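This report refers to the structure that appears directly beneath it.
The values are calculated or read from the model by the stated rules, or taken from the named source; none is laboratory data. This one's a predicted model, so the numbers in the text were calculated from it and none came from an experiment. Cβ sites come from the backbone with ideal geometry, for glycine too, and all protein chains shown count toward neighbours.
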């Protein structure tokens, strides 16, 4: 019954149209109208993605829900959409996060509400576009376009150093993507004039060219993930962004990088990916271990979670470049889980920040005695961040470590260290903020979370637990897609001599 | 020898010439209060000229005046766009010129003659016709820059423009004369034939080429012939800067096509001028983008940004392929569209005796007027080449043309400099959106300006979502004409 509807186009354009509609509410006099329209848009945007999951055929390989229309015929660029299991999960995550972000901003954002809501809705539509594009140029257009709303979000509603952070965010990510643009054009000519992923997957490429293309893609996606040593924009962006911005950035935007590796780097340049995998694995392990240590010494809660994000995303890149089913599936699950957990942690910090207007760990202490409900939820997310079994954080990390053992024990060993560091920095922060005696009168006056905040965090808590104890619904959509992807990677594209 | 010359291919130019003379005389009998009549007549003339161009258009090239004048698809497209651009310019400039006492008959007569010059350049099939058009355009522009005769800055800019412009014309003329010496003809189609067959005086031909490329470099404002651009942009009254910066680029592109792609488009010669254009293009990208960062004056910044855009344009041309020329034409159309919008907004912010030239005047524009700030945002992202704005596709087409001929390293250089360029465009967005406004005077604009400016700004995103028709038009126009 759903076959007739272009569901993927709806997933992209419903939020964007809603975003434009929100803009028409005008100034802050109509703020409430803007909020309501934005919420309706976000819910509708999520609603159109649900049939994607319901109608997804688990056995079928390739891409489903395809849409193909000519777009720019002069360059043989098509509006070509379709999803596999990996994109499906990320689209759901993205559309779902948008609702949370709109709800989380409800009372908190008071200036230029319409623009704020519009930026997030447009961003959500664009990211769905990235996850469903099957034409490299369409992918690139969506990928780049996401920079504009995020730049505005950080710059307008961010903290005191927001201009620096917004510029850094934009220019850093632009550098990587511009180089990958040149790589895409080179591939276009090599493939005989096509940007379609299917054609690019088939085109044989000599090793040297593959390495160049890999490096260009790597610049784009590594900055986005972000991987050590090009991660430095992330803590700045996170600290300065408003809560909603941080949530979207951590929960969805970073995944654009991981998704790019899976969709472009691995299948298009498989030989270079295999050849350079040790480098990527090394950089991932540095992120996991070193950034974990960096997180330990942060005094600012948001910065701590930002570094923890980098460390967790290190697991994602590690899993991807292990080239086995556990590794890649673990990486995707880790991306989804990280979406829930880091989003929730940023929301928790947002809850505290809205009341106290400080993010310094030292300004808190004994919050648990004033906000017991909040403390319980926060505890769950902290545990999930530390990778406690039974929470979603465990599943992905466990799978990646299993995948790593198959490749090399010491890689697995180094990766497993993060379970210790993760527990250390998260729980230590939790302890300093939540436990102990009430340190000052600001803390003493804290009120527990209201029903809106409870609902937002409660839903996330539920998802974290469900995914932890019953990951099957998430994992089963991945099996076929991941094995197809791995088949692509193992198949050499070097031209036959 | 053909004795009966068909006139119809030149109807638009003839109509424009007659009407320009009529307006010049009629204006003498119109008092200052009724100057709006002159304005209306000028706009009607331009609209009529655009219609004539449209209806006399034809796919196959038609030669007339003994082969001195050509009417082909590229000429039709560029002339039509020129007329539309000039109409837009005059709408944007009206309030500004009224406030500064420039809303006089001379302004309109000069604008019309400049337009005529551009159209003659676009349709030239003979080096003399080309030069005639170029001089008509240049002389009109010199006078327009100096129109505010009490302004020291404007006078200085006019002098500079005149001297350097004359020098450039001299170089071009010198190159042309050597071309004549080498081939014995001034007609572009014949030149194409002769240079393709290979003339005996190949060295003279290459020598001519150097002068012609230098002359064109001056007219385009490409490094190292760019010195006049920032001073003239800044010194000229903003309405005139808008004029200089936009429509004449169509004509400049056309003569680049006529001279390099057509007359000297033989394989061996393309290899010669490709190197020169490459140096000019890379230098323009580098110096344009790097210097723009340091500017605090918006007009000056846009001048350097123009220089870098011309670098990109040259990249498209130097590929020497139809796709590359098409990319160049697409780039120039997009560039003019963006420039019109940017200067239109500058003119909008300028009121009374106050010039909104400093970057700081744009602080907090989002709070004063969210709609205009949004339009400027679109224009800036388009200038920076960020999708989904049309500026991205212009860059994409050029990069593809360059990569296609195997010069992918040039594409890498180009994107690195566009990254640097992105910084100063972002700075404008930052000023408008992230900073608090300095004054809260609401922006007022007439309905015509508001509508046109909105259409102009939105065109940047609409063409970005559907770039196909314009891209095809450009490639087809070039294919049918070269």
* **helices (runs of 4 or more DSSP H) lying entirely in segment A:214-323 (those with 2 or more residues that are over 23 Å from residue A:152 (Cα atoms))** => A:254-260, A:270-286, A:292-296, A:301-320
* Asked: Is there a residue in segment A:486-495 that is under 25 Å from residue A:343 (Cα atoms) and in a helix (DSSP H, G or I)?
  -> no
* Give the residues of segment A:40-54 that are surrounded by fewer than 18 Cβ atoms within 10 Å (Cβ to Cβ) and touching a residue at least 60 places away in the same chain (Cβ under 8 Å), sorted by residue number. => A:53
* Asked: Of these, A:217, A:195, A:221, which one is surrounded by 23 or more Cβ atoms within 10 Å (Cβ to Cβ), more than 10 Å from chain B (Cβ to nearest Cβ) and under 30 Å from residue A:115 (Cα atoms)?
  -> A:221
* What about residue B:274, is it more than 14 Å from residue B:256 (Cβ to Cβ) and in a helix (DSSP H, G or I)? -> no
* Structure fact -> Residues of segment B:406-419 being closer than 17 Å to residue B:287 by Cα and within 9 Å of another protein chain (Cβ to nearest Cβ), in sequence order, are B:411, B:412, B:414, B:415, B:416, B:418, B:419
* To do: Among the candidates A:362, A:376, single out the residue that is without any contact (Cβ under 8 Å) to a residue 40 or more places away in the chain and part of a helix (DSSP H, G or I).
  => A:376
* Structure fact -> Within segment A:107-132, residues being in contact with a helix residue (DSSP H, G or I) (Cβ under 6 Å, 6 or more places away or on another chain) and either within 11 Å of another protein chain (Cβ to nearest Cβ) or within 17 Å of residue A:48 (Cα to Cα) (or both) number 15
* Determine, yes or no, whether residue A:175 is in contact (Cβ under 8 Å) with a residue 12 or more places away in the chain, over 19 Å from residue B:432 (Cβ atoms) and facing chain B (nearest Cβ under 7 Å). => yes
* State the number of residues belonging to segment B:366-394 that are surrounded by 24 or more Cβ atoms within 10 Å (Cβ to Cβ) and farther than 30 Å from residue B:475 by Cα. => 1
* Asked: Among (1) under 14 Å from residue B:384 (Cα atoms); (2) crowded, with 24+ Cβ neighbours inside 10 Å, which single condition is residue B:293 missing?
  -> (2)
* Pick from segment B:325-365, criterion within 13 Å of chain A (Cβ to nearest Cβ) and over 27 Å from residue B:100 (Cβ atoms), ranking: surrounded by the most Cβ atoms within 10 Å (Cβ to Cβ) -> B:327
* Hey, among the residues in segment A:133-157 that are within 22 Å of residue A:354 (Cα to Cα) and buried (at least 23 other Cβ atoms within 10 Å of the Cβ), which one's nearest to the other protein chains (Cβ to nearest Cβ)? -> A:155
* To do: Within segment A:427-444, work out how many residues are closer than 13 Å to residue A:352 by Cβ and either surrounded by fewer than 19 Cβ atoms within 10 Å (Cβ to Cβ) or in contact with a strand residue (DSSP E or B) (Cβ under 8 Å, 6 or more places away or on another chain) (or both).
  => 2
* Answer yes or no as to whether residue A:104 is more than 14 Å from the chain's Cα centre (by Cα), facing chain B (nearest Cβ under 10 Å) and crowded, with 24+ Cβ neighbours inside 10 Å. => no
* Considering only residues that are at the interface with another protein chain (Cβ under 7 Å from one of its Cβ atoms) and more than 18 Å from residue A:142 (Cβ to Cβ), look in segment A:180-192 and name the one that is surrounded by the most Cβ atoms within 10 Å (Cβ to Cβ). => A:182
* Asked: So which residues in segment B:366-388 are touching a residue at least 60 places away in the same chain (Cβ under 8 Å) and either at the interface with chain A (Cβ under 9 Å from one of its Cβ atoms) or over 24 Å from residue B:290 (Cβ atoms) (or both)?
  -> B:366, B:367, B:368, B:369, B:371, B:372, B:373, B:374, B:375, B:378, B:387, B:388
* Meets criteria (farther than 30 Å from residue A:110 by Cα and surrounded by fewer than 24 Cβ atoms within 10 Å (Cβ to Cβ)) for residue A:226 -> no
* Asked: If we scan segment B:49-70, do we find a residue that is at pLDDT 90 or above and farther than 24 Å from residue B:257 by Cβ?
  -> yes
* **Any pair with Cβ under 9 angstrom, 6 or more apart, that starts in segment A:55-68 at a residue that is without any contact (Cβ under 8 Å) to a residue 12 or more places away in the chain and ends at one that is part of a strand (DSSP E or B) and surrounded by 14 or more Cβ atoms within 10 Å (Cβ to Cβ)** => A:57/A:64
* Structure fact -> With criteria (1) surrounded by fewer than 16 Cβ atoms within 10 Å (Cβ to Cβ); (2) within 13 Å of chain B (Cβ to nearest Cβ); (3) in contact (Cβ under 8 Å) with a residue 40 or more places away in the chain; (4) farther than 20 Å from residue A:125 by Cβ, residue A:20 comes up short on (4)
* Asked: So which residues in segment B:433-446 are in contact (Cβ under 8 Å) with a residue 40 or more places away in the chain and at the interface with chain A (Cβ under 10 Å from one of its Cβ atoms), if there are any at all?
  -> B:433, B:435
* To do: Among residues belonging to segment A:51-97 that are within 30 Å of residue B:326 (Cα to Cα) and more than 14 Å from chain B (Cβ to nearest Cβ), point out the one that is farthest from the chain's Cα centre (by Cα).
  => A:68
* Could you count how many residues in segment A:57-80 are part of a helix (DSSP H, G or I) and surrounded by 14 or more Cβ atoms within 10 Å (Cβ to Cβ)? -> 2
